[in-house]
Each structure stands twice: as structure tokens, then as C-alpha cells.
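I have placed the structure first, in the form of C-alpha cells, so that the comments after it can refer back to it.
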Amino acid sequence: MSKRKTNPVILCVDDDQSVLQALRSLLEKTLAGQAEIEIAECGQDALDICIDLAEDGRPVSIVISDYIMPNMRGDELLIKLHEISPKMIKIMLTGQSDLTGVRQVINKSSLYRFLEKPFNNADLVLTAKSAVETHRTEQDMLQKIEELTALNHSLLNELALIKSKLDSASARAS
């Protein structure tokens, strides 16, 4: 009954190619074998990647998004992603944001963390590792719930069979 565990997919979204490459390099080095890293240069690309990966059975588990991007700000992206996948862990990474945008993303997308640019490598790694652990814990809990639900159904079926046999025996005895 247990499902094959897969590594979470972390999607990094930033319109600055050098930031994306730094994120990918840092995360691949520190999370080697623990997570798969994807990158997108804008909000629409991020949405497309999320849809494509979900169709492939590899949904994005964690997204790290910049705030200021052309066409779609990070807060708008994170809110859209939350509507698609509420359990996705959302992290905002930016050097430029306004309080309204931060408040909006916190209130409308269950923001996991907010990190400022230029980011401190140790803070980013700690946040990413924490997000991966949070994701794994949630997946383990969901698996346990599935196993307990299946066991409960099995026990209810067994109980119904015993009751049926008792009812039959009682009817024959009367």
C-alpha cells in the first residue's frame, strides 16, 4: 500500500538569470539527492512548469519566488499557485517589496518564509532544508492517514461479515 517516495521539486522563480543560477547551484549542492531543482524566469513560466510537472506526476512542492518581476509580481504568482496547490510551500525572496504586497501574500497564500536579497547562503539553505523537512513530514502524515483509513475500512468490513454470520446463526437457532 505504501507509495514510492519521491524527492520534492523546488521551483525557483526570478527574472535575474544570475540569481537563478546562484539559487540552483546552492540548492543542488546542499540538497543533493534530497530535492529536484527547477527554475523559471517569470511568473507565467513558473505556472506552466507547475502544470507540466503535475501532469507528469511530479508536482512542485516548494516555490521560492522573487517579488519584483515583469508581467506578474511574486505575490500574484504565489497567490495563483496557492489556489492551484494550497499545500505547496511558498517562500518569497526579494530585495524590493512593499508592505501591501507582503501582507497580501502572507494572508492569501500561506507564505512559509520571507527572505531578503541579497540573500545569506546559510539562511537560504536553512530555509530550504526546513521546507523540505516540512514537506516530507506532511507526506509521511498523509501516507499514515491513508494506511489507517484502509485499515479502518478493512476492520469495518470484517466486523460486518462477523455480524452477518452471527445474524445468520441467530436466525437458524430460532
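Bear in mind these aren't lab numbers, they're just calculated from the coordinates by the rules spelled out. Treat the numbers as computed from the prediction; the structure is a model and nothing was measured. Note that we place each Cβ from the backbone using ideal geometry, even for glycine, and neighbour counts take in every protein chain shown.
Taking Cα atoms, how many degrees apart are the long axis of helix 17-30 and the longest axis of the chain, rounded to 10 and kept between 0 and 90?
Approximately 50 degrees, to the nearest ten.
Considering amide H positions built from the backbone, and no H for Pro or chain starts, which residues 5 or more places from Glu38, or on another chain, come under 5 Å of its amide H?
Those lying under 5 Å, H to H, from Glu38 are Ile10, Leu11, Cys12.
Could you sort 76-84, 52-60, 13-21, 146-154 so that the peptide with the highest average Cβ count within 10 Å comes first and the rest follow in order?
Order by mean packing, descending: 76-84, 13-21, 52-60, 146-154.
State whether the range 95-151 is rounded, prolate or oblate according to the following rule on the C-alpha gyration tensor (a ≥ b ≥ c being the square roots of its eigenvalues): a/c under 1.5 gives rounded; otherwise a/b larger than b/c gives prolate, and the remaining case gives oblate.
oblate
With a/c under 1.5 counting as rounded, go ahead and sort the range 79-121 into rounded, prolate or oblate using the C-alpha gyration tensor (a ≥ b ≥ c being the square roots of the eigenvalues; past the cut-off, prolate if a/b is larger than b/c, else oblate).
oblate
Given contacts defined as C-alpha pairs under 8 Å and at least six residues apart, what's the relative contact order of the chain, whole-number percent?
Relative contact order, the chain: 19 percent.
Given Val60, Leu161, Ala173, which one lies farthest toward the positive end of the charge dipole of the chain, if we put +1 on the Cβ of every Lys and Arg and -1 on the Cβ of every Asp and Glu?
The listed residue farthest towards the positive side: Ala173.
Assigning unit charges at the beta carbon (Lys, Arg +1; Asp, Glu -1) and nothing else, what dipole magnitude in debye, to the nearest 20, does the chain show about its Cα centre?
In total the dipole reaches around 960 debye.
Distance cut-off 21 Å, Cα to Cα: go down the list Lys90/Lys144; Lys29/Lys108; Lys90/Lys129; Lys87/Lys144; Lys87/Lys129 and report the pairs above it.
From Lys90/Lys144; Lys29/Lys108; Lys90/Lys129; Lys87/Lys144; Lys87/Lys129, over 21 Å: Lys90/Lys144; Lys29/Lys108.
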